[in-house]
Every structure is written in structure tokens, then in C-alpha cells.
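Everything below concerns the one structure shown next.
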Amino acid sequence: MTKASDLLVAALENEGVDRIFGIPGEENLDIVESLRTSSIKLTITRHEQAAAFMAATHGRLTGKPGVCLATLGPGALNLATGAAYAHLGAMPMVMLTGQKAILSERQARFQIVDVVATMRPLTKMARQIVSPHMIPTLIRDAFRVAAEERPGPVHLELPEDIAREECGNLSVIRPHPIDAPLAGDEAIRIAANLLLSARRPLVMLGAAASRPRLAGKLYEFFSRTRLPYFTTQMGKGAVGGCSELYMGTAALTERDYVHEAIERADLILSIGHDTAEKPPFIMGPNGPDVVHFGYEPAHVEQVYFPQAEVIGDIGVSLSRLADQVEGRLAHADALLGLRDGILAHILEGSTDDRWTPQRVVADIRKVMPQDGIVALDNGMYKIWFARNYRTSVANTLLLDNALATMGAGLPSAIAAAILYPERRVLAVSGDGGFMMNSQELETAVRLKLNLVSLIIDDGAFGMIRWKQAVDHFPDYGMTFGNPDFVKYAESYGAKGHFVEKIEDFEAVLERAFVEGGVQVIAIPIDYSDNIRVLIDELAKRIPVA
């Protein structure tokens, strides 16, 4: 006879799941046994948080929900940060957790917390499975909800007594394609008229523009309209071409060089902006009009309140807009004259003979091919990568500008290396973020992955220390000690390197990729330019009235 855990696993196979990340417990043992004889690989991680980061990154890169597994209580609660990461970052993910028996209470309240209630504000849906008969419809609904716009995490809890219950010959429900709704003709007409009347138009690409399915439509739109564009941090690389129209990335909220174009614009087409991201610019009463293109209506915020909206399938909307304006945009290139100056400022410092972040980013860009994936943790270096690292392929710079949690860099790189074993994958972490999930080096070695983990070693929580200095507080409470990262890597079976001279860095990084396997490279950093470049020099740039 088929038991509920068998039916659950069959339903997951039906959804195309080929891998689950996580750490099982006593309450998951029936699921583990059902997985053992299935086509799904169970990838054991060393912490549930890392499993959630891996599943979320799988969803981000493929558009299909990644899946992670944990037991009840402490195991399930360790998924919470990963749930928030996927929720704010719009990454489709399904989390499966166990629970004590619900038809009896032989262990009373031991290890029991209300995980479903805990997950509800962090997910799109959170449910407990109380009968095997719920499984076919609930799994189908979970994957549909997780993947549909706006994507995000879903949580399902399966108690151990329900998991082992016999369920007869219940069958799974086949998925079917669902097209996104289309924007109305009047919305497209209004956007077209605003664009045709604009004298200094500009396009912004946000997080939702980086959906894998949009790349071709975006390239077509810019090829037809020749409009200049900038990106948010999570919108980087959304256009696989048209780089001569790229004006920069808004790594800061205001006053950076790219904001000169934003301030001069009289109309911004905002494509896929998600206000879960740190604001790329601040709307004000004297600023440009903004037209929001999204799968969902804009979230009106103090800093973002579009004057017009085009809601529906973004790719189709852009094609219809291009049909109405192609060849008629007399002022399409009005802001392009600013481009060379903006990008020249960004390149300053990239040839320094010091361990500046600008030089580190430039050397990494030389070693990484166009389809190479850089997975960033969170720290001071993220601003420099967002600002300086040029991308032309969507989702090749994986950064989190929504929850902005530390500890996600290495797990995200592991997920990318599993999905794309033929591509170069680099994790970039500060020493603080790296040590939060460094145990996953063992996971990478065990899986025989090819990836390089770069550790920026400054012995401090660098971004907070920088903000402390900017706010004129004394330097206090931000420093710590580190292990010998070379020996630490070797203890896991990886290969370790410490690079002392900046002139050696590019060669060491290239050699690590050529050798393959799991490689750890630790480097020092010179953050002395942080205040000069990101504060003092930008303060001299007078915003355009």
C-alpha cells in the first residue's frame, strides 16, 4: 500500500523536483525513506539556513521553486531567515517541515512550536497537512503559488503520523501552463503618449526585470527603442546586450554619478521595480514622472509613487509599447551624452596597485566569463560590486538587496554550481559573512563541486564599521579574530590560498578555476577609499535643479 510520504514524494516528482536541500530529523524519516527509492536527490547540508538559501537560489536561477527540508522545532525555525530571504527577494521556494504526531500526544509538548504560524508572515502560504487526501491538491497549489508573480516561499508541515498513514491509490495532479494577464490597451496608450512627449526619457530595470524568461523581450525592446537605461542592484544584467545604452547601476540611493541622469530625466519607465529593494532613487515633487511596468501594481511608498502603471506580462507589455513608439522617439538619446562621464568615474581606482575594492572587482571581471556567476554575501564590497561590476547576462551577479542578510553567499554559490557545473562560479564573502555558514565548505567538497570561495579579510564587520565612521561614532564593537583561512579550507578537503600582493591576485584566481574543485582564496582589503569616494566626492556633486 502507498503511504502519505510516498504520495508526497510522487507529487514532488510530478512537479519536476530533482533535488531537495536540507537536514532531516526523526519526524521526517518516512519522507527520507520515500526519497530513497525516488528520482529525487537528497542533498544534506550542514545547517538548515544554508539549505533554504540554496533552495531559494535554485528558484531565483531557474524560475521553478527550489525545495528544502527540515524537521520540527529548531530545524524548522532555522529556515526562517531563508524564508525571509526568498520572500523579500521574490524567489520561488517550497519548504517542507516535520512535526510530532497530531492524532496523539505521546511526547506532550516536547520540541513543539507553532511553525505554521511562525512562517505565515514570512511566506505566501503556510499550511499543515492533516490528511493524505490533501497532498495532491496542496502540493500542486504550493508550487503554483510559489512560482506565480510575485514569486516567493511556501511552507508545508507534514506530521509524522500523517506521513506514515496509508492512502490507497490517490493520484497526483498534473501541472499546466498559466499565462500572465495582459495589460489593457488604455494603459499601453497612456505610457506611449508619455514616452513620446518626454524630452529626456530614461529606463530603470528592477529586480523583476531579471526573471530568466524576460531577457529576450528586454533585448528586443531596447533594440527597437534605443532608450538609455540604468539598473537597480538586483536588476543588473537583465539585458543581454545593448550595453552601449547602459548608464550605470544605482548602488546608492542618491548623489552617485548615475543619479545625474536620473535627476535630469523628465520621464522614467520603471520596469520590474520591487520596493523590497533599497531605493535606487527617491521620488519627489520636482522629480520625473514615473511609469511603472510590473506583473503586479506598484507598492506606493514615500519614495515611490508612479504617475501611471502598466500591469500584466512585462514582456508582452514592452513589445506592445515598442509597436507604438518605434521610430518616433526623437529624444531617445537625450541623456546618452552623460554616459561616458558616469562610467569613467565608476572605473576610477580599478588599476590601483593597492587592495582597493575597485581593483579587486576589476580583476575578478577579467577572470570571470560573461556567463560566470558571482554570488555575493552582504558587506561593504557589495556596494562596489553593484557599482563597478559590469554584467550582460541576467543573474550572473547574485546579490541580495532586499533582506540583505549575511551568510547567503557560499550557499548561493553552491546552488549555482550544482545547476551550472560547466560555468565558473565564485562566492564572494566578507570574513564575517563567510563564518556564518562556512561549514557548507564540507557540503561543496562532498558534492565534488567546482567553485571558488573568495574571503575578504578585514577582521571586522566592515559595512557597519564604515557607517559608524560616517556617523562620527568612535570605532567600537566591530572587530574580531579569524582562523587561518588556508588551514581552515584544507581541514574540509578544499584547497586554500592567501594572496599577499594585489599584482598576484588575478593569476591566483585564474589558476584556482583551472585546477577545479573547491578552492578558498583569502585576501586583504584596503577600504580607505570608502569615505573619500562614496561620501566626500559625491557630496561635491551638486544635484540638478
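Bear in mind these aren't lab numbers, they're just calculated from the coordinates by the rules spelled out. Everything quoted here is computed from the prediction, not taken from an experiment. Glycine gets a Cβ as well: all are built from the backbone with ideal geometry, and neighbour counts include every protein chain shown.
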Report summary line: Quick calc: nm separation of the 7 Å Cα→Cβ label points for Val470 and Thr62 -> 3.8
**Report entry** Antiparallel DSSP beta bridges within the stretch 348-534, as percent of all bridges there, nearest 5
**Finding:** 5
Query - Counting DSSP beta bridges with both ends in the chain, the antiparallel % (nearest 5) - result: 5
Query raised in the report: With respect to the cross-link table entries Lys382/Lys467; Lys3/Lys41; Lys366/Lys467; Lys236/Lys501; Lys64/Lys124, which display a Cα-Cα separation exceeding 25 Å?
Result: Lys366/Lys467; Lys236/Lys501
Requested in this report: Find the relative contact order for the chain and round it to a whole percent, using C-alpha pairs within less than 8 Å whose residues are 6+ positions apart.
Outcome: 13
Report summary line: Per DSSP, the loop-located GluC sites (Glu not before Pro) within the stretch 254-343 having at most 16 other beta carbons within 10 Å are Glu254, Glu326
Query raised in the report: Where in the stretch 134-161 does the label zone of Arg213 land, with the point 7 angstrom along Cα→C-beta and an amide N cut-off under 19 Å?
Result: 140-154
**Report entry** Those chymotrypsin sites (Phe, Trp or Tyr not before Pro) in the stretch 49-148 that DSSP places in a loop and that have at most 14 other beta carbons within 10 Å
**Finding:** Phe110
Requested in this report: With a point put 7 Å past each Cα toward its Cβ, work out how far Arg446 is from Ser319 in nm, to one decimal.
Outcome: 4.5
Report task. Find how many whole Å separate the alpha carbon centroid of the stretch 92-146 from the alpha carbon centroid of the stretch 314-376. Result -> 43
Requested in this report: Round to the nearest 10 and give me the degree value, 0 to 90, for the angle of helix 502-515's Cα axis relative to the longest principal axis of the chain.
Outcome: 40
Query raised in the report: Roughly how many nanometres apart are two label points built 7 Å out from the Cα toward the Cβ at Ser223 and Glu166?
Result: 6.1
Query raised in the report: Which FRET efficiency value, to the nearest 0.05, is calculated for Glu149 and Asn482 with the Förster distance at 51 angstrom and r the Cβ-Cβ distance?
Result: 0.75
Requested in this report: Kindly provide the helix-only [θ] at 222 nm of the chain, computed as the sum of -39,500 (n - 2.57) over DSSP H runs of four or more divided by all residues, to the nearest 500 deg cm²/dmol?
Outcome: -10500 deg cm²/dmol
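Summing Lys, Arg as +1 and Asp, Glu as -1, what charge do residues with Cβ under 13 Å from the Cβ of Val325 carry, Val325 excluded?
+3
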Query raised in the report: Can you give the FRET efficiency for Glu510 and Thr351, using 1/(1 + (r/R0)^6), R0 = 30 Å, r = Cβ-Cβ distance, to the nearest 0.05?
Result: 0.95
Query - Counting DSSP beta bridges with both ends in the stretch 185-338, the antiparallel % (nearest 5) - result: 5
**Report entry** Two-decimal Rg to Rh for the chain - Kirkwood Rh, Cα set
**Finding:** 0.99
Requested in this report: When a/c is below 1.5 the answer is rounded, else prolate if a/b is larger than b/c, else oblate, so apply that to the stretch 264-395 with a ≥ b ≥ c taken from the square roots of the Cα gyration tensor eigenvalues.
Outcome: prolate
Report summary line: Helix 314-325: inclination vs the chain longest Cα principal axis, degrees, rounded to 10, gives 30
Report summary line: Counted neighbours (other Cβ, 10 Å), sorted fewest up, put Phe480, Phe513 in the order Phe480, Phe513
Query raised in the report: What are the extents of the Cα atoms of the stretch 185-338 along their three principal axes, listed from largest to smallest and rounded to whole Å?
Result: 34, 33, 30
